[in-house]
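For reference, the structure is listed below as structure tokens.
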Amino acid sequence: MGHTLSVRQLEAWYGSNQTLKGINMEIASNHVTAIIGPSGCGKSTFVRCINRMHETLPGSKVKGEIILDGESIYEQDPVVLRKMVGMVFQKPNPFPSMSIYENVVAGVRLNGMRNKKTLQDIAEKSLRMAALWDEVKDRLNYSGMSLSGGQQQRLCIARALAVEPSVLLMDEPASALDPIATMHIEGLVRQLKEDYTILIVTHNMQQAARIADSTAFFLNGELVEHGPTSEIFTNPNDKRTEDYITGRFG
Amino acid sequence: MRQPLNEGQLVLIELLKKMGEEVERILKGCMQTLISLDRAQAEFWIAEDQKINDFERQVDDECVRLIATQQPVAKDLRKIISAMKISTDLERMGDLAIDIAKIVRRMEGPLLKQLVDIPIMAEKALGMMKQGLEAYASEDMELANDLAVQDDQVDHLYKRVLRDLLVIMMEKPEVLDQGMYLSFVGRYLERFADHATNIGENVIYIATAGRQDLNK
């Protein structure tokens, strides 16, 4: 099951540049939430705060609170937190020297799992959830790099799912893919929300409209508006949201 | 692939089907009222129109949502645009049914003759509406094209109704008012059938992106 996330008064800086200004947001479990906004609006910083990746950058700073399933993420070990919060990046990034199978179980192995049968079960389950199993089951020992871009991205999703997170963060997961691979990933995201809380960053507004249950619009480090996707795209409350989604600025 | 769009299209088919069932229920009720000349019943059916209007709004809202969030193109877009137009046709058909109940409000009984062709017109027009909606749901061009043939039959019945009423009105000037009202009813049912042909025209538009006049 996915967990809810509560973000309270979140502020983030890169050096002296404040990229997030007092974000308050509730992210529902088993729900796809899309973050949209122009470049530099803080949307990627926002998701990177959620798995505590932002603070690993030199000169960065974070203030405020993020509560995951009732517990502040800043009171947790970042390594444990990242098991609960999986991340998929813009460019598919399978480990180049590893086979498909090894890629999927890499995280689980890192966590200490050695039992071969268990690892095989996890690999199959994760690849099935990522809708990739049927395409790769006969060549699990091939290099991860032998797959197409869309398949590589689903491999990365399988890798993220293998450690059984409750939240899945996706930063532009389909922007490097062709339309057919994009539709595959979008279909997958919709299936995955049955089991996960999904937060997807995209500057492709149409994609947000297609797959998200709720959409949040960020601008200049502020959360302008967050609501049901059908409302954001038919009757937004804030003029800045309307201007952005209708292509009148940004 | 494109599951939300496909699901949305199924929702539209279902909504239009239910809207059609509502129009059917109301037209049947209004026809019953015309035969019994029961004014209380007429008022009941006039109030029922709101339900059809609610359906029209629901269809429109779903179409707007799908266009805004799913970016439909080509046939997908034609299906959604057509759903909006069909809901408008069904809403008008509901209004025409209600117009019959409004005639009952003003009509003094008893009926100048037993109604024969008018109930047949109503039955045929309803059949056309259902056939149009079935053609929309199954994208069946043959069913859509067949509506033109049936519309000719309804037009033929309408002419016969007018001619019969004219003869009666000439013979008995005291029933002139009722004769006029009944010819209006015939006109409403003929218009009802015309809207059913519009549904068929939308089906052809969905399938071919071309226009065809089924109501010549």
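The values are calculated or read from the model by the stated rules, or taken from the named source; none is laboratory data. Please read all numbers here as calculations on a predicted model, not as lab measurements. Cβ sites come from the backbone with ideal geometry, for glycine too, and all protein chains shown count toward neighbours. The protein model used for the area step is the full one, side chains on, heavy atoms only, and it has no ligands, DNA or RNA in it. Shrake-Rupley method; radii C 1.70, N 1.55, O 1.52, S 1.80 Å.
Which ones in the range B:23-77 are among the acidic types (Asp, Glu), under 25 Å from residue B:123 (Cβ atoms) and part of a helix (DSSP H, G or I)?
Filtering the range B:23-77 down to residues among the acidic types (Asp, Glu) leaves B:24, B:38, B:43, B:48-49, B:54, B:56, B:60-62, B:76.
Among the residues that remain, those that are also under 25 Å from residue B:123 (Cβ atoms) are: B:24, B:38, B:43, B:48-49, B:56.
Scanning the range B:23-77 gives B:24, B:43, B:48, B:49, B:56.
Residue count for the range B:1-30, restricted to those that are aliphatic (A, V, I, L, M), open to solvent by 20 Å² or more (accessible area, probe 1.4 Å) and either farther than 25 Å from residue A:32 by Cβ or within 14 Å of chain A (Cβ to nearest Cβ) (or both): 3. Only one of the numbered conditions (1) at pLDDT below 95; (2) touching a Pro at 6+ places or on another chain (Cβ under 8 Å) is not met by residue B:80, and that is (1).
If you go through the range A:123-146 and keep only what is open to solvent by less than 10 Å² (accessible area, probe 1.4 Å) and not hydroxyl-bearing (Ser, Thr, Tyr), you end up with A:123, A:127, A:130, A:132, A:136, A:144.
Is it the case, given these coordinates, that residue A:120 is among the polar types (S, T, N, Q), within 17 Å of residue A:86 (Cα to Cα), in a helix (DSSP H, G or I) and open to solvent by 20 Å² or more (accessible area, probe 1.4 Å)? Write out each step before concluding.
Values: among the polar types (S, T, N, Q): yes; within 17 Å of residue A:86 (Cα to Cα): no; in a helix (DSSP H, G or I): yes; open to solvent by 20 Å² or more (accessible area, probe 1.4 Å): yes.
Answer is no for this residue.
Here residue A:39 passes the criteria (1) in contact with a strand residue (DSSP E or B) (Cβ under 7 Å, 6 or more places away or on another chain); (2) hydroxyl-bearing (Ser, Thr, Tyr); (3) farther than 26 Å from residue A:195 by Cβ except the one numbered (1).
When B:48, B:22, B:43, B:7 are checked against the criterion of being under 30 Å from residue A:205 (Cα atoms) and not aliphatic (A, V, I, L, M), B:7 stands alone in meeting it.
Residue B:54 satisfies every condition listed in (1) open to solvent by 60 Å² or more (accessible area, probe 1.4 Å); (2) without any contact (Cβ under 8 Å) to a residue 24 or more places away in the chain; (3) not basic (Lys, Arg) except (1).
If you go through the range B:60-71 one residue at a time, do you hit one that is touching a residue at least 24 places away in the same chain (Cβ under 8 Å), of a type outside the set (A, V, I, L, M) and away from chain A (no Cβ under 14 Å)? Looking for residues that are touching a residue at least 24 places away in the same chain (Cβ under 8 Å), of a type outside the set (A, V, I, L, M) and away from chain A (no Cβ under 14 Å), one finds none in the range B:60-71, hence no.
Where in the range A:131-250 are there helices (runs of 4 or more DSSP H), lying fully within it, with 3 or more residues that are away from chain B (no Cβ under 14 Å)? So that I can check it myself, show each step before the final result.
On the way: elements: A:133-136, A:149-162, A:179-192, A:205-211, A:229-232, A:239-245.
Hits in the range A:131-250: A:133-136, A:149-162, A:239-245.
From B:176, B:182, which residue is more than 20 Å from residue B:97 (Cβ to Cβ) and either assigned to a helix (DSSP H, G or I) or in contact (Cβ under 8 Å) with a residue 12 or more places away in the chain (or both)?
Unique residue meeting the criteria: B:176.
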